[in-house]
Amino acid sequence: MSDALFSPDVYANRREALRARMRDAGQSALLVSHAANRFYLSGFELHDSQCNESSGMLLILADGRDKLLTDPRFYDAARRLWAEEDIFIYTGQRHTRIAEFLKGAHNGPIGFETKAMSVDFHTRLRENLALAPCDGLVEGLRRVKEPAEIEALDRSTALNERVMLAAPEVLRPGRSEGEAAWRLEQLFRDFGASELSFAPIVAVDSNAALPHAEPGRTLITEECMVLVDMGGRLDGYCSDQTRTFWVGSNPPKHFLRALERTQEAQAKAMEIIRPGLPIADAYRAAYASFQRHGVESAFTHALGHGIGLETHEAPSVSPLAEGVLEPGMVITVEPGLYYPEWGGIRWEHTVVVTEDGCRILGADGA
């Protein structure tokens, strides 16, 4: 019995698509060690516990049976997803045992993911094995989401929207950023999220001028601004949403003006998002909107990023982005303006590129 998110056929079809890309790249074997890629291709273990530990790897062969490599802790979990004859369990001296297994499974160089393999592990493997750098093959598949993935992202974003709609009741004067972050995390769990998809941001006043502020002891007060950037994971897929709130009834003109300009820039970008659009043009549309108001220097980061099994994945929506948008891509659109003297504004939607434009994911796109 499988505990995978999708049916075995879905994962098998993804591996077949990967095989085609491998053949086009002249790569006959690929060792998949990046956790999200491993999960995407097999349904096995979305997370590694920490950067110096691995739950396992996949060996994908252009011609032959794919293998799942893991250690005894995950044997029973692996058997629920994978044919036992294609599971290799390594124990002590794992580098030597894995190298010996790979040499026996494939005669020739084996591709590896340079962004996911440590220098130490690579050094030990290459003592007994020919390795060839090979990046982006799985990520290239993950850029365009399947319909079921889009549905999962829609549900995850809708859950996030519920949290944001409830946030004003949490952002009470006298509570610290850290306490508010914890209470919002509890809402994610109450609404069905399995975990947060990234470390939360709750930032009061000038702290909000830090795009990646960490919640601390600063207190929410009457008549202050609070930037909240949080996401949760539902059915394996991440959400990511930023809202900027005013606590009180008298927001100052500079706050309202910056919020209006940020939402305007977001709208200008979403107006042009469609298949075939150079990805960098979405960023340029938001930048040009800010430029018309003379505030472009306060927009200090990319417009957004892809999202799926990971919070940040391809494509990046930046001025340096290459390629064009395609139907099924899911990206965030999150312009912001940052002023160290009083704070920052960010407003974020997640959109899927459709056949003729884009659609905001979530319950109602509010």
* Only listed residue being surrounded by 15 or more Cβ atoms within 10 Å (Cβ to Cβ), closer than 30 Å to L41 by Cβ and of a type in the set (D, E), chosen from E322, E264, E310, E296 -> E310
* Scan segment 106-124 residue by residue and report those that are closer than 14 Å to L59 by Cα and without any contact (Cβ under 8 Å) to a residue 60 or more places away in the chain. => N107
* Structure fact -> Exactly one of E149, E139 is open to solvent by less than 40 Å² (accessible area, probe 1.4 Å) and at pLDDT 95 or above, and that residue is E149
* Within the group P173, P211, which residue is touching a His at 6+ places or on another chain (Cβ under 7 Å) and surrounded by fewer than 20 Cβ atoms within 10 Å (Cβ to Cβ)? -> P211
* Asked: How many residues are free of Cβ contacts under 8 Å to residues at least 40 places away in the same chain, open to solvent by less than 50 Å² (accessible area, probe 1.4 Å) and not hydroxyl-bearing (S, T, Y) when one looks only at segment 58-91?
  -> 12
* Being at negative phi and open to solvent by 50 Å² or more (accessible area, probe 1.4 Å) is the filter here, so list the residues in segment 35-47 that pass it. => H47
* Go through (1) of a type in the set (G, A, S); (2) open to solvent by 30 Å² or more (accessible area, probe 1.4 Å); (3) farther than 15 Å from V32 by Cα and name the single condition A180 misses. => (2)
* Residues (loosely packed, with under 14 Cβ neighbours inside 10 Å and either in contact (Cβ under 8 Å) with a residue 40 or more places away in the chain or not in a helix (DSSP H, G or I) (or both)) located in segment 92-104 -> G92, Q93
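The values are calculated or read from the model by the stated rules, or taken from the named source; none is laboratory data. These figures come from a predicted structure and were not determined experimentally. Neighbour counts run over all protein chains shown; Cβ positions are idealised from the backbone, glycine included. Protein only, heavy atoms only, side chains kept; ligands, DNA and RNA dropped before computing areas. Shrake-Rupley method; radii C 1.70, N 1.55, O 1.52, S 1.80 Å.
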